[in-house]
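Undergrad: One structure coming up, written as structure tokens, with questions to follow.
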Amino acid sequence: MTRHAVSTSGAPAAIGPYSQAIASDGFVFCSGQLGLDPTSGELVDGVEAQADRALRNLSAVLDAAGLTLADVVKTTVFLVDIDDFAAVNAVYARHVTDPPPARSTFAVAALPKDARIEIEAVAHRRTAESGGG
């Protein structure tokens, strides 16, 4: 099994003992991204802005691995308030392509830095052998 860390300055640095992503045997496992501005390290305001920023942060991590959001096969969304589901869904829909990845969404008691949303993803590198799908 091959395994290596993926890192980029285009997304916030890990705030603990973990990698932004790990690439292993064609898969890229992205750690959860908050709506943190990668330059300032500050949380952007509002759940919609945080969702957009989290997805752009995920895109930057995927880009560092040579992938895009179109390569994502599974996401997990964590919301502090499940009532934000519709607003986050609208932002999410603008970022993903058809067919959209499989997804789970959970309401949680709290997130780091008092964020309202966190999104993690698993992507798969398309190969000639896999037929691109």
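All of the numbers you see were taken from the coordinates with simple rules; none came from a lab. Just so we're clear, the structure is a prediction, and the values are computed from it rather than from any experiment. As a convention, Cβ positions derive from the backbone with ideal geometry for all residues, glycine included, and neighbour counts pool all protein chains shown.
Undergrad: Compute the angle between helix 47-64 and the longest alpha-carbon principal axis of the chain, please, reported from 0 to 90 degrees and rounded to the nearest 10.
TA: 20
Undergrad: Could you tell me which of rounded, prolate or oblate describes region 4-130, using a ≥ b ≥ c as the square roots of the eigenvalues of the alpha-carbon gyration tensor, with rounded for a/c under 1.5 and, failing that, prolate when a/b is larger than b/c and oblate otherwise?
TA: oblate
Undergrad: On to the next question. Take I119, I22, I15 and order them by how many other Cβ atoms sit within 10 Å, fewest up front.
TA: I15, I22, I119
Undergrad: Report, in debye and to the nearest 20, how large the dipole of the chain comes out about its Cα centre when Lys and Arg carry +1 and Asp and Glu carry -1 on their Cβ.
TA: My answer is approximately 400 debye.
Undergrad: Hey, another quick one. If you average the sequence gap of Cα pairs under 8 Å that are 6 or more apart and divide by the length of the chain, what percent do you get for the contact order?
TA: Relative contact order for the chain comes out at 29 percent.
Undergrad: What list do you get for F78, F106 if you sort them by fewest beta carbons within 10 Å?
TA: Going from least to most buried by this count: F106, F78.
Undergrad: Just rank T75, T8, fewest to most, by other beta-carbon atoms within 10 angstrom.
TA: T8, T75
Undergrad: Can you find, among P100, G41, T2, the residue farthest towards the positive end of the dipole of the chain? Put +1 on the C-beta of Lys and Arg, -1 on that of Asp and Glu.
TA: T2
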